[in-house]
1. Expected output is a single nm value to one decimal: the length gained when fully extending between VAL55 and PHE24, i.e. 0.36 nm times separation in residues minus the C-alpha distance. What is it?
2. Any idea how far apart LYS85 and ASP6 come out in nm if each label point goes 7 Å out from Cα toward Cβ?
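Each value in this text was obtained by applying a stated rule to the coordinates, not by laboratory testing. On a predicted model such as this, the values are computed, not experimentally measured, just so you know. Neighbour counts run over all protein chains shown; Cβ positions are idealised from the backbone, glycine included.
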Amino acid sequence: MKIDLDLISAALDAVLKENRVARFGAIPLRTLAEHWESVRLRSSDLVSGIEILSVQGRLDLEARSDGLWVRRKSRASGDVGAYDKLRSSVHELVMSVALTRVRMRQGDGYSGFDRRLPHRTA
């Protein structure tokens, strides 16, 4: 299965929703990283997803006294007509199916780790 930036972005958005991060709510980056492992994508994909959603204006990073937090921002809706809404709905459905397929993959011991880097054990 091809893992592209669009799927990573959808996975990050799904993790935020699953953790009940409200429309303008925030979550500690540490907590987000812990829940990211359930997606079965690499930790480097989490970084890519945060960067993409930040550029799109859907996320913001906040430095607090207890660490770095990720804040959801309003999702700018460019949907104007019925066709745009249909296209958006189909895209969300396709991403949901793809994300479900990724989550159902067999664990391979690399969960959360980038396979290109040497795996270190502590």
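1. Numbers: separation 31, 0.36 × 31 = 11.16 nm, distance 1.64 nm.
Length gained between VAL55 and PHE24: 9.5 nm.
2. 2.2 nm
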